[in-house]
Structures are given as structure tokens and as C-alpha cells.
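Inspection log for the structure reproduced underneath, given as C-alpha cells.
Values in this text are rule-based calculations from the coordinates and carry no lab data. Model, not experiment: these values are computed from the prediction. Cβ placement follows ideal geometry from the backbone for every residue including glycine, while neighbour counts extend to all protein chains displayed.
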Amino acid sequence: MKMKKLIFSLILVSVVGITQAQKFTDDFTGSWLTPEGTIIVINGNNNILAGKAKDGGIVLKEIVYGDGKWRGKIGDPANGKYYNCEVSIKEKGKLTILVKVSLIRKTIVWTKVK
């Protein structure tokens, strides 16, 4: 009986997690303006987010939800390298990106374009 309860609980937690991830995916999708004036379009597919600049360059990739956070890679167009990042919406209409390079952390905020 305990095993059935455990399996049911795990299934319930998984379903709630997927539903929550989908809700957040909807919040992230759309057009965002960077501090440099570039518009980035973020799309979600199967709870994986990716963002492209209007000129077609991939800026965000492999953004997935896990352990309560959205994590993935952000590209630097100047050198073509990708860095680990966490993406969140702490304030409506503001996308906060925490870029992590070794021990260095940098926060970037994008604004939602209506």
C-alpha cells in the first residue's frame, strides 16, 4: 500500500511540475528588448526555450526548467561563445538573465516588447 501511495505522489508531482513549467514557458515567450536595443524573440517547444535575434543569430538556447529554475545557455555575439545562465521573471515585463562564467556573475535585464 505504501508503494502505491509513493508512486501516486511521484506521478502527481511530475504532472504539477510539467504544468508549472508550461505556465512559465508562456510568460517567457514573445519579443524582448535588450539594453543594447536588439529585439530577441523567445519561443518555447516541449518546455524548452530558445531565443533568436531579429537578424537570426541564436542568443538563448537549451533553456529548460529543473530544480525550480530555468537554466541554459546565452550566446555572446562578439565572440560566438555560449555561457551558462539562469533566466527568470522577477518583475512583470522584465526578463532577468544571470550569466555565469566561472566565478563571475553578471545580471542582464530585458524588457518585454508589446
| request: Determine, for Asp67, Asp27, Asp55, the number of other Cβ atoms within 10 Å of each Cβ, and report the residues in order from fewest to most. | output: Asp67, Asp55, Asp27
| remark: With a 22 Å threshold on alpha-carbon distance, the violating pairs from Lys81/Lys112; Lys69/Lys90; Lys73/Lys114; Lys54/Lys90; Lys54/Lys100; Lys81/Lys114 are Lys81/Lys112; Lys73/Lys114; Lys54/Lys90; Lys54/Lys100; Lys81/Lys114
